[in-house]
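Notes for the one structure printed next.
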């Protein structure tokens with residue numbers, strides 16, 4: 001069974017009657033990616049009179065929501081936090097539930113298009129394979145997979161943190177005769193799972209969602225788990241038009257408030273430590289967070305949760321007690337919610353579940369601990385584990401994740417002013433300044449990527465925080481007639497130290513997670529995200545700009 005492994009593998013190149021597809025395209029700004037970030041930058045920069053174009057590898061707007069259509073795919077941040085703060089977009093948009101699924105998110109992007117008219121400046125099916133800054137002309141020269149070139153004064157990367165898929169290197173994977181797909185290359189038309197034997201590899205949020213959804217109609221579901229997901233109750237609910245209309249006058253306040261919280265949500269850590277409360281008070285507080293649902297148990301908990309091992313253990317014990325009570329099978333209970341934590345709670349992004357544990361508890365379903373019995377081979381009909389057991393499947397879902405945060409930028413042929421590729425520069429670790437610029441890459445900015453608040457934040461909050469800074473920086477460059485702006489090596493070194501120091505105060509470094517690059521064999525182990533929260537991040541970035549491009553060389 002041939003399965004898709006690359007965004008370019010099956011894209012036919014369309015060349016509609018739209019100047020965005022022209023060869024030798026000339027523009028002020030070229031943006032790569034048409035998800036939340038790329039659309040926001042385009043909208044804001046157009047308002048300032050910049051001529052902008054977007055190159056997008058997919059066939060539609062929406063970024064991750066263009067690619068994600070696997071069973072159960074939905075966002076883990078509730079609305080209206082997970083949307084643009086732009087009044088022209090939210091004023092007449094209505095959601096159907098607190099945590100929308102992919103189909104509704106795609107409709108949201110259709111609505112965004114109606115309001116902001118983005119597509120006329122987008123070239124779809126356009127994958128960037130090379131980009132370098134031409135010193136004599138002070139222009140970026142960008143190459144696409146099908147041989148087109150574009151020239152731009154500014155190159156903005158809005159590729160997101162999940163642009164490069166990760167595939168396991170198991171023996172025989174190409175031999176499998178059934179249906180096999182990576183979760184983010186799931187076919188739009190779907191896969192019929194009714195009565196089928198399904199294998200799900202991985203237990204990140206994608207694996208949890210696929211297992212939970214397919215188990216409702218499949219013949220059997222087998223989850224191959226390396227690490228249990230410390231999933232939290234979603235508490236999904238429908239929301240009515242009336243409820244939303246009543247709340248809308250408060251939206252400007254809500255959007256202002258989300259930028260003052262650590263992770264850009266509608267709640268924040270409380271100003272108390274775990275052991276300031278009695279055991280009874282603590283239990284009641286934890287229960288309230290669980291009942292509210294979503295990430296509250298993670299991001300509205302005691303302020304020492306991610307800093308103090310003993311405090312963290314208290315939270316884990318509560319989590320384990322609540323989850324274990326939902327699983328009747330003792331063997332599954334110990335694999336899915338062990339009494340001893342597999343890692344500090346919250347140092348891997350928890351997923352939100354609705355009935356994940358009840359579904360896997362069903363007798364026809366199985367959970368395989370691949371730390372104890374690793375997968376050794378994929379055969380024509382199934383999967384073989386180290387204990388010699390061969391399980392047969394009709395469908396294999398690879399929820400094996402991404403070369404997160406840095407993979408997308410390292411994968412697009414970016415070359416610095418000295419001809420050194422970014423993938424080479426970042427081979428031994430990641431260097432950026434402010435999580436938005438790189439030394440040797442003048443007039444290039446990126447968002448929702450390495451060393452920003454990215455994975456420790458709500459996507460739209462991070463995008464707007466960084467997007468506003470990039471737009472303000474570009475306005476300042478234009479107003480002051482600055483043609484060249486490049487981060488210094490010293491500023492990069494200092495930023496990397498800051499990112500590492502912030503992380504080292506927390507429990508994050510003690511956990512092998514994709515936050516630390518640990519999910520990809522051979523990838524350097526390092527903190528890839530700013531762990532100091534959005535307000536502190538925003539302050540650092542604003543100071544650099546207000547102090548006349550501190551940390552940059554300009555000309």
Residue hits (segment 78-96; touching a residue at least 60 places away in the same chain (Cβ under 8 Å) and either closer than 19 Å to residue 465 by Cβ or surrounded by 17 or more Cβ atoms within 10 Å (Cβ to Cβ) (or both)) are 78, 79, 80, 81, 82, 83, 84, 85, 87, 90, 95
Selection from segment 177-217 of residues modelled with pLDDT of 95 or more, crowded, with 22+ Cβ neighbours inside 10 Å and not in a helix (DSSP H, G or I) yields 193, 198, 199, 200, 215
Q | Flag for residue 138 being closer than 30 Å to residue 50 by Cα, surrounded by fewer than 22 Cβ atoms within 10 Å (Cβ to Cβ) and touching a helix residue (DSSP H, G or I) at 6+ places or on another chain (Cβ under 9 Å) | A | no
Scanning segment 47-66 for residues that are surrounded by fewer than 23 Cβ atoms within 10 Å (Cβ to Cβ) and out of contact with any helix residue (DSSP H, G or I) (no Cβ under 8 Å at 6 or more places or on another chain), the one farthest from residue 21 (Cα to Cα) turns out to be 47
Wholly inside segment 1-96, helices (runs of 4 or more DSSP H) that include 2 or more residues that are farther than 30 Å from residue 394 by Cβ and modelled with pLDDT of 95 or more are 36-47, 87-90
Residue count, segment 248-271, condition part of a loop (DSSP other than H, G, I, E, B), without any contact (Cβ under 8 Å) to a residue 60 or more places away in the chain and touching a helix residue (DSSP H, G or I) at 6+ places or on another chain (Cβ under 9 Å), comes to 3
Restrict the check to segment 141-151 and report whether at least one residue is without any contact (Cβ under 8 Å) to a residue 60 or more places away in the chain and either under 25 Å from residue 484 (Cα atoms) or surrounded by 17 or more Cβ atoms within 10 Å (Cβ to Cβ) (or both). yes
**Study point:** Qualifying residue in segment 234-245 (condition: free of Cβ contacts under 8 Å to residues at least 24 places away in the same chain and farther than 27 Å from residue 101 by Cβ)
**Key:** no
Listed by range, strands (runs of 3 or more DSSP E) wholly within segment 105-170 having at least 2 residues that are modelled with pLDDT under 95 and either assigned by TED's automatic domain parsing to the domain that holds residue 441 or more than 19 Å from residue 444 (Cβ to Cβ) (or both) are 128-134
| query | Quick check: anything in segment 425-433 assigned by TED's automatic domain parsing to the domain that holds residue 37 and modelled with pLDDT of 95 or more? | reply | yes
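The values are calculated or read from the model by the stated rules, or taken from the named source; none is laboratory data. Everything numeric in this text was worked out from a predicted model, so none of it was measured. Ideal geometry is used to build each Cβ from the backbone, glycine not excepted, and the neighbour counts take in all protein chains shown.
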